[in-house]
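The values are calculated or read from the model by the stated rules, or taken from the named source; none is laboratory data. Just so you know, these numbers come straight off a predicted model, no measurement behind them. Surface accessibility is based on the protein's heavy atoms, side chains included, excluding ligands, DNA and RNA. Shrake-Rupley method; radii C 1.70, N 1.55, O 1.52, S 1.80 Å.
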Amino acid sequence: MRIAWKYIDKPKAAIAAIQDYDNQRAIINTTPEEVKAVFDKMAAPMSARLTGMPGARNPQAFEKKMVDGMDRMDLLHERYGSAAEYMAWFGPAWETLSDREQAVLTEFYASDNLHSGASARLQSRLNFSQAQVDRIRSKAPSRLIVLLFGR
């Protein structure tokens with residue numbers, strides 16, 4: 001496994017990890033409610049639809065509803081497991097960075113507008129000069145790469 005790390009494009013991988021952080025955190029936060037909603041929907045009795053037309057009864061309707069619900073729950077649990085694995089890997093490295101480093105990395109690499117005015121926003125928010133923002137921007141990605149992948 002050690003050889004694989006040598007050939008990975010670590011800067012691109014670190015930036016991709018920064019960009020995934022909010023999505024993975026959202027998955028961790030919302031999955032329990034989604035699982036509960038699927039379970040509640042599976043357990044709820046089906047009500048008859050009043051359409052005025054004679055209906056054809058599907059004897060496998062309940063089984064289909066249960067299978068669909070179990071498939072959805074499996075997908076949610078798999079997605080949650082992947083997000084938890086990501087957070088166990090990325091979270092400690094991210095938390096090791098200073099608040100300033102996190103702010104700079106988030107502004108430059110995680111936001112939708114990426115570079116458009118990022119430096120000016122950081123200067124205003126952190127009360128830093130352009131040189132200070134540039135210095136943090138040049139050092140923070142390297143520090144994160146070392147924290148995530150080692151040397």
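A few remarks follow.
- Test: residue in segment 97-120 that is at pLDDT 90 or above and acidic (Asp, Glu): yes
- In segment 21-44, residue nearest to Ala110 (Cα to Cα) [restricted to those that are open to solvent by less than 70 Å² (accessible area, probe 1.4 Å) and of a type in the set (S, T, N, Q)]: Gln24
- Hits in segment 33-49 - residues which are of a type in the set (A, V, I, L, M, F, W, C) and at pLDDT 65 or above: Val35, Ala37, Val38, Phe39, Met42, Ala43, Ala44
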